[in-house]
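The values are calculated or read from the model by the stated rules, or taken from the named source; none is laboratory data. Worth saying up front: this structure is predicted, and the values here are computed from it rather than measured. Neighbour counts run over all protein chains shown; Cβ positions are idealised from the backbone, glycine included. Remember, those area values only see protein heavy atoms, side chains included, never the ligands or the DNA or RNA. Shrake-Rupley method; radii C 1.70, N 1.55, O 1.52, S 1.80 Å.
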Amino acid sequence: PSTHGVLRVGLTIEGEIITKAVPDIGYLHRGTEKLSEARGYHHCVVLTDRWDYVAAMPNNLVFCLAAEKLMGSKVPPRASALRVIMCELNRIASHLLFFGTYGIDIGAFTPFLYAFREREMVLDLFEMVCGARLTYNYIRLGGVMVDADAAWLAKCKEFLDYFKPRLDEYDSLLTYNPIFMARTQNVGLIAKEDAVNWGLSGPNLRGSGVLYDVRKSDPYCGYEEYQFEVPLGKKGSCWDRYFCRVQEMRQSVKIVEQALAKLPSGEFMATGVAKVPKPAPGEAYAHVEGARGDLGIYLVADGQGSPYRMHVRAPSFINLAILQEMLAGNKVSDVIAILGSI
């Protein structure tokens, strides 16, 4: 079901009923944990873009947060606010792709056209600020690559004003569509306890009613200063996981609006960041609330110009493990609904 070998699911079936499911998870990031050992800290940021080219900004951010802990760098307030804006816009772009393609999974083509229309506007904003549409390399050690000028900020606000009514359209088009609800409600149920025990995070965890969001539980980049809610599901169904993502887009709009309204003046990059950083020996862990869930980076420094070790706590890799338990007992036609929701 997935492109270029990142996931294959082997099913054992009796008629239409699945008796066994084996997720065969591939290697999307192609050894970047090892590659980082031979690259400078600045160069490692480029590698992070490739892990998730639907939402690369949080990847940039989490590596920089971990490296900045090792380096003892203090990021200027303006840079932190710009990081929040970019990551929340990227969350919207990512969830839009989910919204559109999940509709196709279930058999509804029109939502895909709506979602990609709006997602294109977000990618235009990214291209306007950093020149890239998927692999941004915008968030850098000590701050961000370049400041957002007045024209970009105006364009961003214009997009938010346009986008908010579209969310109501999405609900009319798909969220409360009777056929869609019949295909997703009471399907792929994950109990609270199972969600926690399997290590789920992000909308997959919150869809089961578990209140855990890194932005609230372990704030970074000043998230504690923003007012927003964490959407929760009730039964842990495919529809609940879908609904959490749609509602998260509304909350991301609120966060970006607040960040734009109180964007601090000043520098967008910390002073004194070395061209070849050589942090003192030590270790650091940082994590963020990515579009897929709890995304973490563990870094070990040995005083040299490259990380001694880097490990990625990738949310999708962990989220997919529960498929082997979820799919058994369901019908083949429900597999794509369950998989798409995870």
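Laid out as a table, the results:
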quantity	calculated
Flag if Arg83 is over 20 Å from His287 (Cβ atoms) and of a type outside the set (A, V, I, L, M)	no
Qualifying positions in region 223-239 - in contact with a Ser or Thr (Cβ under 9 Å, 6 or more places away or on another chain) and open to solvent by less than 60 Å² (accessible area, probe 1.4 Å)	Phe228, Gly233, Gly236, Ser237, Cys238, Trp239
Tabulated pairs, region 316-334, first under 8 Å from Ala21 (Cβ atoms), second open to solvent by 60 Å² or more (accessible area, probe 1.4 Å) and outside any loop (DSSP other than H, G, I, E, B), C-beta under 7 angstrom, 6+ apart or interchain	Gln324/Val22; Ala328/Thr19; Ala328/Lys20
Among (1) open to solvent by less than 30 Å² (accessible area, probe 1.4 Å); (2) in contact with a strand residue (DSSP E or B) (Cβ under 9 Å, 6 or more places away or on another chain) - the single one Met71 does not satisfy	(1)
Filter result for the condition that a residue is in contact (Cβ under 8 Å) with a residue 40 or more places away in the chain, open to solvent by 10 Å² or more (accessible area, probe 1.4 Å) and not small (Gly, Ala, Ser), over Ile25, Ile85, Ile92	Ile25
Selection count, region 107-131, where residues are of a type in the set (S, T, N, Q) and open to solvent by less than 30 Å² (accessible area, probe 1.4 Å)	0
Only one of Tyr220, Tyr242, Tyr170 that is under 25 Å from Gly72 (Cα atoms) and surrounded by 15 or more Cβ atoms within 10 Å (Cβ to Cβ)	Tyr220
Every residue from region 100-143 that is touching a residue at least 60 places away in the same chain (Cβ under 8 Å), in a helix (DSSP H, G or I) and out of contact with any Lys or Arg (no Cβ under 7 Å at 6 or more places or on another chain)	Thr101, Tyr102, Gly103, Asp105, Thr110, Pro111
